[in-house]
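Before any comments, here is the structure.
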Amino acid sequence: MTTIPHAKSSAEREELSLNDAVTHLLEECRTVVPGMQALFGFQLIAVFNDTFRERLSPTERDLHLAAIVLVTIAIVLVMAPAALHRQTEPMAVSRRFIASSSRLLMASMAPLTVGLCLDVYVVARVIVDTRGVAAAIAVALLGVFIVFWFVLPRLARLPRADRADVRSKAEHRDNTG
């Protein structure tokens, strides 16, 4: 079943000019970058800590390396719209740029999610000293990311009638199972 994004009434939303849309998009990117850079710095510092080598297995250290690589990819994707704009359309704004940049920003969420969850596993493993508990914490966090970054935004795009249908099906499933 294919759903068409719900068109909200003009009272519920305001169309943005291309310039305003680009401003919002680039501001979203600028807002995220400092946090990602701070995380990246902490990830790099961790490998120089004695605990890193003493308490983590080679596989867990490799997971940390994978997390660093994934966060680096996310940083590149978030910063790419600024580079794209400067090099392709420095004096103009286009719908194509907005669409491309939005896709890059959205694409950054997957590697950032996985990278954060891998590092939460590594940190939890050091703190609780149990692989199973650390894995459960990381998987629970993955669930939180999936719900808030992927599921809720898609549900918000559904027409109200479709959202009510999704809720009633979930309630029915919860009551019968």
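The values are calculated or read from the model by the stated rules, or taken from the named source; none is laboratory data. Fair warning: this is a prediction, and the values are worked out from it, not measured in the lab. When we count neighbours, we look across all protein chains shown, and the Cβ atoms used for this are built from the backbone with ideal geometry, even at glycine. Remember, those area values only see protein heavy atoms, side chains included, never the ligands or the DNA or RNA. Shrake-Rupley method; radii C 1.70, N 1.55, O 1.52, S 1.80 Å.
Structure values in brief
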| item | result |
| --- | --- |
| Flag for Val126 being open to solvent by 60 Å² or more (accessible area, probe 1.4 Å), over 12 Å from the mean Cα position of the chain (by Cα) and at pLDDT 90 or above | no |
| Verdict on Ala38 being modelled with pLDDT of 85 or more and either under 22 Å from Arg125 (Cα atoms) or surrounded by 14 or more Cβ atoms within 10 Å (Cβ to Cβ) (or both) | yes |
| Pair list, Cβ < 8 Å and 6+ apart or interchain, from the stretch 30-50 residues that are farther than 14 Å from Val69 by Cβ to residues that are assigned to a helix (DSSP H, G or I) and open to solvent by 70 Å² or more (accessible area, probe 1.4 Å) | Val33/Met79 |
| Filter result for Arg103 (at pLDDT below 90, open to solvent by 40 Å² or more (accessible area, probe 1.4 Å) and assigned to a helix (DSSP H, G or I)) | no |
| Number of positions in the stretch 98-107 that are free of Cβ contacts under 8 Å to residues at least 40 places away in the same chain and within 16 Å of Val33 (Cβ to Cβ) | 3 |
| Selection status of Val144, aliphatic (A, V, I, L, M) and open to solvent by 70 Å² or more (accessible area, probe 1.4 Å) | yes |
| Qualifying positions in the stretch 58-80 - closer than 14 Å to Asp119 by Cα and open to solvent by 30 Å² or more (accessible area, probe 1.4 Å) | Thr59, Arg61, Asp62, Leu63, Leu65, Ala66, Val69, Leu70, Thr72 |
| Meets criteria (in contact with a helix residue (DSSP H, G or I) (Cβ under 6 Å, 6 or more places away or on another chain) and either open to solvent by less than 40 Å² (accessible area, probe 1.4 Å) or assigned to a helix (DSSP H, G or I) (or both)) for Leu25 | yes |
| Members of the stretch 106-122 that are under 18 Å from Gly143 (Cβ atoms) and open to solvent by 50 Å² or more (accessible area, probe 1.4 Å) | Ala110, Val114 |
| Neighbours by Cβ (under 9 Å, 6+ apart or cross-chain): first from the stretch 85-97, under 13 Å from Leu26 (Cβ atoms) and assigned to a loop (DSSP other than H, G, I, E, B); second open to solvent by 80 Å² or more (accessible area, probe 1.4 Å) and at pLDDT below 85 | Val93/Asn19 |
| Residue tally, condition touching a residue at least 12 places away in the same chain (Cβ under 8 Å) and outside any helix (DSSP H, G or I), over the stretch 55-77 | 1 |
| Inter-residue pairs, beta-carbon under 9 Å, first at positive phi and in the stretch 111-128, second at pLDDT below 95 and open to solvent by 30 Å² or more (accessible area, probe 1.4 Å), 6+ apart | none |
| Subset of the stretch 8-19 [within 26 Å of Pro159 (Cβ to Cβ) and modelled with pLDDT of 65 or more] | Glu12, Arg13, Glu14, Glu15, Leu16 |
| Selection status of Ala135, open to solvent by less than 50 Å² (accessible area, probe 1.4 Å), under 15 Å from the mean Cα position of the chain (by Cα) and farther than 17 Å from Thr23 by Cβ | no |
